[in-house]
Structure formats: C-alpha cells, structure tokens
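K.L.:
Quick one: structure below, then a few questions.
The values are calculated or read from the model by the stated rules, or taken from the named source; none is laboratory data. What you see is a predicted model; the values in this text were computed from it and never measured. FYI the Cβ positions are ideal-geometry reconstructions off the backbone, even for glycines, and counts take in every protein chain you see.
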Amino acid sequence: MNNYIKYIFILFITWSLNVSADPKINIKTGILIDYHTDKILYELEPDMSIYPASMTKIMTAIIAFDLLKSKKLSLDDKITISDKAWRMSQAGYSSMFIMVNDQISVENLLRGIIVASGNDACVALAEGIAGTEEDFAIMMTEKAQEIGMTNTNFSNASGLNDPDNYSTVRDIALMSKYLISNYPDYYEYFKETEFTWDRTGGNPITQQNRNLLLFRNIGVDGIKTGHLAVEEYSLASSIMKESRRLIAVGSGFKTIALRSSQSRRLLYWGLTNSETFEIAKKNEINFEIETWLGQKRLTPGYTKEDVYYTVDKKDIRNLNIFLEYSGPIKAPIRKDDEIAQIKIYNKDELIKTVPIYAAEKVKKINFLLSLFTSFNYMIWGDA
C-alpha cells in the first residue's frame, strides 16, 4: 500500500492583497471572532471587566429559549405584571410600557426585551419564570458558567448598573455565538427593526430597535445594544455575508453614532482582511477514498464535525489543505471506520488534523475475483 496525499485545494494568489493591520476604532475594549472557527480576528483588552448594560438581555432571552425548547414554557403563556415590573417603566429606563396586572404573552415580553430593550419586560419575564428577579439572575449566572463564560456574573435581568453585574467582551461574544448556534429560529427576533404592542389602556405603541446597523441593509442581523453612563455605549453585533458570519463586541464607544459606525468598520475590516474556507460539512459525504479488493472502487467518507479554517489574507499563500490516507484502503471496511485524514498546514507547520470516516460498509470481493484483481494489479499497477 502507498501513502496517498492529495490536495483538497491549493491557493495560488499572485495579486497584491489590500490588507490593513489595524481597523482603527476607538473603544475601551473589543473583540471580533469568526463564528465558524472561533478565530480571533481582532482584540483589545478582551478580558477587561465591564458592566454589560443591556447586552445582559441576551442571557435573559437565552434562559427563556432554553425553557421553550424543553417545553416548560410556551410563547403563548401569559405572565401577570407585578408592581415592581411596572415601576421599571416609570423610572425613565428603556421600557415596553406595561401596566400592573396586565396579562402579557411570553412572546410579546421577549420582543419587548430584544427589540424595545424594555427593562420592565425583563423583570416581568424573570418573575414569571423564576418567581423573583434575584432567583432568575442565579439561573443566568449558572447558564453563563455552563457555556464557559468564566468572567461573568449576573445580578439582574436587564443590565441595570450593579457592581455584581459584570462580564467581558470575550464572554459576551461567546454568549452571542451560543445564542445564534443553539437558537437560530428564535434569533430571528434580534433582526426585527421594530415592535408594535397593543398595550392596555392606550393606543398601540411601536418602538424601533436601537441597533442602527439593522437598518443599513449590510448583512447585520443582530444582536444587542447597551448603554450605561459608566460604560458609555456598547454593542454586540453579527454580520452574515454569503455563508460567512462574524461576531463583534465593543464597549466604550463615545456616542450612539460612533457605536454604529465603528462596529460596522470593525465587521467590514474582518471580512476584508481574512477569509474562511469551508472544507467539509458535518455528516455529509464530502470525499471518496480509493478502495482495494472491495465491491466498490471508492468508499464514501464523511467528517463528524464541520471543518472550516480561517486565515488572514496576508498569510493565505501559506495555506495548504491535504487529504491523506494509506491506500488504496483494503476491504472489508466497516461503516464509521476511520479511512483518511484532512491535514491543514501553514507552510510546513501542521495546524489541524480531522479524521474522515467510512459512510457505509464495503464488502470484500469473492476469492476468485480477488485473485484476478491482484494479478491484474501486479501486471498493470493501479492505472
């Protein structure tokens, strides 16, 4: 048997790449990651502790989505509005403008949180789920720990300023990815540009999403703004261009306008200065491996994970991706046997190895045919 090495693809680039090492944004702390590979494209003090402000509401929504997924909660369930929740709408905070003893559906509360950024809706949903906002905050922190947010603690559902409500842009990016990955259907709420609610005791009220990038038709589809005097303006945002998604989180923008324009600059800088290649999709037949003495000449292969690789465009000349196996592989082959590997190199440095598995069983041919095939191989080789 021979050691077979085949290029999956080779990149030949002869033109000059217009890349910039610095996105030139003015923030206290920020991060930009590729959604599929988790590669950090930009970071500035990513583990600096911040008050996450209304970006906290991403986790408030995640807790509800978890319960919806497990059927412990329904979008049609009604929650009775408490005096505490109502008072949030009277205190000058961003609000959905609910009234005491209103019966409001979970779906309307979620849209009031996600689109209108209503602090009153946060308290109402928290109380409806956990009994008290304090107990709900414990659920939020436990969820944060579960998904790997190691520098985060939540003390309330809305993000009101509190020394015990803190996070980092790295953790918020991780939380944002968790939301998008696990709840793609519910994530659709985050792209809504406005929310109209037929409130009690008044005319229907329409409020616009505070994420101005949603109105630019540039591919941004979420996720959440924030503002506290102590932190200035913040934004977790995500852009989708063709099949590529980036997630950016920044805190310390000086104005609402700069929050939007500089987040947009950071996202576009990431798209312009890097590239992500899709090499294989999880559980799909992406490869055919040459087979010896089998009832099939080629064995279909698959990977057990999505395989992507992100590279800075300045380094793209150094990227080589190979399909490697010792073969042709000999039958019989069992389904799910490892039959080959994908190997990703930066120049001569091996960056990643991914196993390829047989998608189906391949039986060995009968004895006489096996002799004939072997004899033919000795004379003619594998031509």
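K.L.:
Return the residues of segment 203-235 that are β-branched (Val, Ile, Thr) and more than 20 Å from the chain's Cα centre (by Cα); say none if nothing qualifies.
P.N.:
Ile205, Thr206, Val230
K.L.:
Condition first: in contact (Cβ under 8 Å) with a residue 40 or more places away in the chain and either over 23 Å from the mean Cα position of the chain (by Cα) or not in a helix (DSSP H, G or I) (or both). Now tell me which residues in segment 119-145 satisfy that.
P.N.:
Passing the criteria: Asn119, Cys122, Val123, Ala124, Leu125, Ala126, Glu127, Gly128, Ile129, Glu133, Phe136.
K.L.:
Is segment 291-300 home to any residue that is free of Cβ contacts under 8 Å to residues at least 12 places away in the same chain and among the charged types (D, E, K, R)? Show your work before the answer.
P.N.:
Taking segment 291-300 and keeping what is free of Cβ contacts under 8 Å to residues at least 12 places away in the same chain, we get 297-298.
Within this subset, residues satisfying the condition of being among the charged types (D, E, K, R) are 297.
Yes, the conditions are met somewhere in segment 291-300.
K.L.:
Answer yes if at least one residue in segment 167-189 is over 19 Å from Ile113 (Cα atoms), free of Cβ contacts under 8 Å to residues at least 40 places away in the same chain, assigned by TED's automatic domain parsing to the domain that holds Tyr93 and in a loop (DSSP other than H, G, I, E, B), and no otherwise.
P.N.:
Checking segment 167-189: not a single residue is over 19 Å from Ile113 (Cα atoms), free of Cβ contacts under 8 Å to residues at least 40 places away in the same chain, assigned by TED's automatic domain parsing to the domain that holds Tyr93 and in a loop (DSSP other than H, G, I, E, B).
K.L.:
Ok, one more. Could you grab me the full set of residues in segment 274-291 that are out of contact with any Phe, Trp or Tyr (no Cβ under 7 Å at 6 or more places or on another chain) and surrounded by 19 or more Cβ atoms within 10 Å (Cβ to Cβ)?
P.N.:
Ser274, Ala280, Phe287, Thr291
K.L.:
Just to check your reading of the model, which residue among Tyr93, Tyr186 is at pLDDT below 95, out of contact with any strand residue (DSSP E or B) (no Cβ under 9 Å at 6 or more places or on another chain) and not small (Gly, Ala, Ser)?
P.N.:
Criteria check complete, one pass: Tyr93.
K.L.:
Might you check whether a residue that is of a type in the set (A, V, I, L, M, F, W, C), buried (at least 17 other Cβ atoms within 10 Å of the Cβ) and modelled with pLDDT under 95 occurs anywhere in segment 256-267?
P.N.:
The answer is no; no qualifying residue exists.
K.L.:
On to the next question. I'd like the full set of residues that are surrounded by fewer than 23 Cβ atoms within 10 Å (Cβ to Cβ) and in contact (Cβ under 8 Å) with a residue 40 or more places away in the chain, limited to segment 146-161.
P.N.:
Across segment 146-161, the qualifying residues are Asn151, Asn156, Leu160, Asn161.
K.L.:
Same structure again: Mind listing whichever residues of segment 61-94 are in a loop (DSSP other than H, G, I, E, B) and either more than 28 Å from the chain's Cα centre (by Cα) or not assigned by TED's automatic domain parsing to the domain that holds Ile129 (or both)?
P.N.:
Result: Asp77, Ile81, Ser82, Ala91, Gly92, Tyr93.
K.L.:
Also, I was wondering about something else. Kindly check whether there is at least one residue in segment 239-246 that is crowded, with 19+ Cβ neighbours inside 10 Å, under 30 Å from Ala358 (Cβ atoms) and among the aliphatic types (A, V, I, L, M).
P.N.:
No - not one qualifying residue is present in segment 239-246.
K.L.:
I'm trying to understand the selection: among the residues of segment 38-88, which are out of contact with any Lys or Arg (no Cβ under 7 Å at 6 or more places or on another chain) and small (Gly, Ala, Ser)?
P.N.:
Matches in segment 38-88: Ser49, Ala53, Ala61, Ala64, Ser70, Ser74, Ser82, Ala85.
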